[in-house]
1. Say we look at region 57-72 and pick out the residues that are open to solvent by less than 40 Å² (accessible area, probe 1.4 Å) and modelled with pLDDT of 90 or more; which of these is farthest from Y174 (Cα to Cα)?
2. State which residue pairs qualify: first residue more than 15 Å from Y456 (Cβ to Cβ) and inside region 160-178, second residue assigned to a helix (DSSP H, G or I) and of a type in the set (G, A, S) in any location, beta carbons under 9 Å apart, and separation of 6 or more residues or different chains.
3. Only one of (1) open to solvent by 30 Å² or more (accessible area, probe 1.4 Å); (2) modelled with pLDDT of 90 or more; (3) not in a helix (DSSP H, G or I) fails for R299. Which number is that?
4. Exactly one condition in (1) among the charged types (D, E, K, R); (2) out of contact with any helix residue (DSSP H, G or I) (no Cβ under 6 Å at 6 or more places or on another chain); (3) assigned to a helix (DSSP H, G or I) is not met by K474; state its number.
5. State whether one or more residues within region 244-252 are over 23 Å from E442 (Cα atoms), in contact with a His (Cβ under 9 Å, 6 or more places away or on another chain) and hydrophobic (A, V, I, L, M, F, W, C).
6. Which residues, counting only those in region 179-213, are within 16 Å of S450 (Cβ to Cβ) and in contact (Cβ under 8 Å) with a residue 12 or more places away in the chain?
7. What pairs come out if I take residues in region 66-86 that are touching a residue at least 12 places away in the same chain (Cβ under 8 Å) and pair them with residues that are of a type in the set (F, W, Y) and open to solvent by less than 50 Å² (accessible area, probe 1.4 Å) whose C-beta lies under 9 Å away, six or more apart or interchain?
Amino acid sequence: MKRLRNSITVSVVGLLLTGCGIYNQYEQKVEAPDGVFGTNEDIASAMDGSSLAQMSWREFFIDPLLQRLIEQVLENNTDLNTARIAVEKSEESLRMARMAYLPSLYFSPQGTLAKFDENPWSKTYNLPLQLSMDVDVFGSITNKKRASKAILLQAQIREEAIRANLISTTAQQYFMLQLLDRQLAILHLTDSLWNASLETQKTLWENGKSYSTAVNQMESSYLNVKTQMVDVRRNIRATENAICRLLGTTQHHIERQEWDSSALHHPEAQGENGQRMYDSKYLKIGVPASMLELRPDIRMANAAMEEAFYNTQAARAAFFPTITLNGTAGWTNSAGGMVVNPGKLLLSAVGSITQPIFARGRIKANLRINQLTEEDLQKKYVQTVIDAGNQVNEAMADCQAAREKHAYYHRQVQVLHEAYNGTHELMDNGKANYLEVLTAQESLLNSQLSEAMNMYKGAQAVIALYIALGGGTK
């Protein structure tokens, strides 16, 4: 009968604790909004089981020089090393939280010399081992351990996010160098062509077939190209310095290939003057669920909700009693008011229970604060998913724009090149004035630089799409 009563008591206590929820495991109950990718036709055609984000960064960036550069950045970058250290700190905190179940053991020897009036010196000593243990009946230690585990998960995901950001930044800076090299090559070619035009104009002026104003304006345009070359060289130096900062090294030359020498993310995307790189046929975005599983910020938001959940559970557990067991074992020659030699073995055990009654509102307020934090993080999780979908939409829109503009720029360069050659021939034969030649030259140069910049923006958009889908974390 007594055994039955004990079983019933244990069952009732268990049900009460379960009802309070202090031992419940975290389950995500916040649903992501529908239609997170929107209704863009290009996005709809790119939604299938596969995703760019499932590719490792080595598969996505197939340029060997870029791969080596990214490896060096990931090995030496200060921010990433700081994130690694933060993970190790969180691992130690979790290890400490797990050890909280175990008793603490201390050795605290004491010795006393005492003398009263004319009596001889009294020598006493204690050599105790003191043991103290908190009994986790109401889940306080368990919930703190689970919260520490969620904190570790956030630190690990934060490291992945920093890694992905470094990969993206390094790749964009690398392609910026390629763009600047391309622009410098265009300006070098323009420099030689415009110098020839200037010499022709000087010859016409010397032969009385042109005016000095034509020579001056032609020379002014030629010098403008020279200043643009200086600006591009300076931008190359600045970009190399930025990459060196990512590498954690002093300034040095960054080795790179020429633009369009290798496909960005897929061998078949090479060709057609780079236009395929932005084609939705090769830009597989997967399904919304894959983004939720891969994006570091979404996973971190979920881990933050998990931490808040367990913090709330621990705050609930604070309303229940705290049970502590203390024990002492050791040698002493001080037995109350009597000194004995040699010393004797002393054993003691104490159990204590502390039930909060009035804590000036601290326990209740702490619970409410944790509940509000949990509610806030749930709303932020939804907003994080919405922002993620918006980033994917923006990146796809940029890819669309780059793809559509690429054909126009390419044709524009061809047309203006023909116009420049024709106008120059007419000027050589005295059938066109210098203004027509200047206009043709400047239009051709601007269209060539714009075409190169559009190709860079397209590559930038593809990289942004890869990161927005959760790529770069492996």
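1. Result: W57.
2. These pairs meet every condition: E160/A83; A161/A83; I162/A83; R163/A83.
3. The single condition R299 does not satisfy is (3).
4. K474 satisfies every listed condition except (3).
5. yes
6. L179, L180, R182, Q183, L184, I186, L187, T190
7. Sorted first by the residue in region 66-86, then by its partner, the pairs are L66/Y174; L66/F175; L69/Y174; I70/W57; I70/F61; I70/Y174.
Residues are listed down the side, and each one gets a yes or a no for (1) of a type in the set (A, V, I, L, M, F, W, C); (2) open to solvent by 70 Å² or more (accessible area, probe 1.4 Å):
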position	(1), (2)
V385	yes, no
N390	no, yes
A395	yes, no
A402	yes, no
A419	yes, no
S443	no, no
Q448	no, no
M453	yes, no
I467	yes, no
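The values are calculated or read from the model by the stated rules, or taken from the named source; none is laboratory data. The model shown is predicted, which means the values in this text are computed figures rather than measured ones. Backbone-built Cβ (ideal geometry, glycine too); neighbour counts: all protein chains shown. Note: areas computed on protein heavy atoms with side chains; ligands, DNA, RNA excluded. Shrake-Rupley method; radii C 1.70, N 1.55, O 1.52, S 1.80 Å.
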